[in-house]
Amino acid sequence: MYASREDIGYDFGDDSKVRSKPNKPNPNIDGGWAWMIVLSSFLVHILIMGSQMALGILNMEWLEEFNQSRGLTAWVSSLSMGITLIVGPFIGLFISMCGCRTTAIIGGILNALGWILSAYASNVHYLFLTFGVTAGIGSGMVYLPAVVMVGQYFQKRRALAQGLSTTGTGFGAFLMTALLKYLCTEFGWRNAMFIQGAISLNLCVCGALMRPLSPKDLREKYVVRSDSEENRAKALSHSTETIKSNGVLGEEPEKKEEAGNEEVLGSVQHIEIGGKSASGRSMYGLRLFKTVSQLTITVRKGFALWYSSYFGAASLFTNRVFVAFIIWALFAYSSFVIPFIHLPEIVKQYNLSRQDNVFPLTSIIAIVHIFGKVILGIISDLPCISTWNVFLMANFTLVTCILTLPLMQTYIGLAVVCALIGFSSGYFSLMPVVTEDLVGTKHLANAYGIIICANGISALFGPPFAGWIYDITQKYDFSFYIAGLLYMVGIIFLLIQPCIQKKQPREKSTEEAQV
């Protein structure tokens, strides 16, 4: 059932020569600076995802200020949350060209600018541009590097590290809700957004902590991982030859391009050395030309990697398990967002507001969600446990809860289901791990960008769709049923594709035996 990089057919070259040399592992892999990366990612989740979950406070202020419909005003929050995830594939291009650190710092400045400009909003449509688009794009430019860097720095404890970093979402939901409520009460919503913009500048500090690993360290990390995955691959009863025919990410074109780039830089250096006797202006021109040449080469190389991942012969879309993963992501995230949006109205319909005021159901989801991420991460890191199987079991639990939630009409029943939703949704911390296992560390940024883009589409249209179903039926029951059934379709795709991948090599070997 589990599909690793070898199963998909991504070829990262022959590492036999590297394995023969006893390399000293980098102490920052699974330790040292790696934990600073986890801290940086944790703070990013507090400042971005936590703030987005607390937008209900500002939404009430906007309704009172601009006197617009609830549906129109709600699009401000939906745009911010959706765009943060939808821009993932394009942020992957920035990461390929500039690296995670530079991308995150620029994103932090853009996010803070969006908050500050929103403080001067004169209407809701102004907020669409400043908060929905500007702050949303900035959030996406910080969020994706925060996830990718944790995947690069960890090998043995990947799931635990991702789980710890993403718990910032739950903590942020509590902290930012209390902070925004206090700021709006004391200073008004405009000054609150201005102050929040200043706080968001700390995202630049988080980006500065994302110190990149050297190419040598990344190669050593891959060698260690490939050794552990060989034992897992032996337990699988299928070959990779048929899948490799769908497209292999070869290294030869890149090596040729690097050789050509080195020749260009070498010629520039030769001219610079030979022209030492030239005037200072000429030397300045040569240095400027060399800098521009290096920048051009970096941009070309980053764009080539990004383009080949999406549209080249070795596109990520030739990986059918990864395509099934995308289809799953299109339906999954809305099943987690819809309860946060519509549970308060359900509680009001069932006359449970008094109990919910004491301990809100959404708070139960947020608290248990923190423990779910950590516990599922620890379980997935056990040597005898498959991350893929833990991921699937959590999905089955969540979809079951979504389908049974409308049947609960008491506070205790709803609280139990919400607790299970919070725990099972902890599989979000496993998504980067599963993605990295499918495509490898090298293509993690682009691949995970596609996945969170699909999640963004789900978050953007899921809650409005549920509200539209309620307008037709005057019940939220059908909203949860339809969301749960669509979610189940995505899970079925995840189950079918590995079975097809496993069956095809067997059929091929039978034909070869007959010949």
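Under a Cβ-only charge scheme (Lys and Arg +1, Asp and Glu -1), can you give me the dipole magnitude of segment 339-451 about the Cα centre, in debye to the nearest 20?
About 180 debye.
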* To do: Starting from the Cα-Cα distance between Phe461 and Ile496, subtract it from 0.36 nm times their residue separation and give me the gain in nm to one decimal.
  => 10.0 nm
* Structure fact -> FRET efficiency for Asn67 and Ala178 from the Cβ-Cβ distance with R0 = 30 Å, rounded to 0.05, comes out at 0.65
* Structure fact -> Label model pair Arg211, Phe396: point-to-point distance (7 angstrom along the Cα→beta-carbon line) in nm is 4.4 nm
* Tell me the label-point distance for the pair Leu201, Trp35, using the 7 Å Cα-to-Cβ offset, in nm and rounded to one decimal. => 3.0 nm
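Given +1 on the Cβ of Lys and Arg, -1 on the Cβ of Asp and Glu, and no further charges, what dipole in debye does segment 313-502 carry about its Cα centre, rounded to the nearest 20?
Values: 7 positive and 7 negative charges, 25 e Å.
Dipole of segment 313-502, to the nearest 20 debye: 120 debye.
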* Ordering of 198-211, 175-188 by packing [mean C-beta count within 10 Å, highest first] -> 198-211, 175-188
* Let a ≥ b ≥ c be the square roots of the eigenvalues of the Cα gyration tensor of segment 27-220; is it rounded (a/c under 1.5), or, if not, prolate (a/b larger than b/c) or oblate? -> prolate
* Asked: Cα centroid distance between segment 55-75 and segment 158-181, in Å?
  -> 25 Å
* Structure fact -> Once amide hydrogens are built 1.01 Å from N within the peptide plane, the residues lying 5 or more places from Gln155 or on another chain with amide H under 5 Å from its amide H are Asp30
* Cα centroid of segment 90-107 to Cα centroid of segment 183-203, whole Å -> 26 Å
* Rg over Rh [alpha-carbon atoms, Kirkwood Rh] for segment 313-502 -> 1.00
* To do: Would you mind computing, in nm to one decimal, how far apart the modelled labels at Ile412 and Ile482 are, each placed 7 Å from Cα along Cα→Cβ?
  => 3.4 nm
* Just how large is the dipole of segment 27-220 about the Cα centre, in debye to the nearest 20, putting +1 at every Lys and Arg Cβ and -1 at every Asp and Glu Cβ? -> 520 debye
* Asked: Taking 0.36 nm per residue of separation and subtracting the Cα-Cα distance, what length does fully extending Ser353 through Phe90 add?
  -> 90.4 nm
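Read-outs throughout are calculated quantities, based only on the coordinates presented, and are distinct from any laboratory measurement. Please read all numbers here as calculations on a predicted model, not as lab measurements. We place every Cβ from the backbone using ideal geometry, glycine too, and count neighbours over all the protein chains shown.
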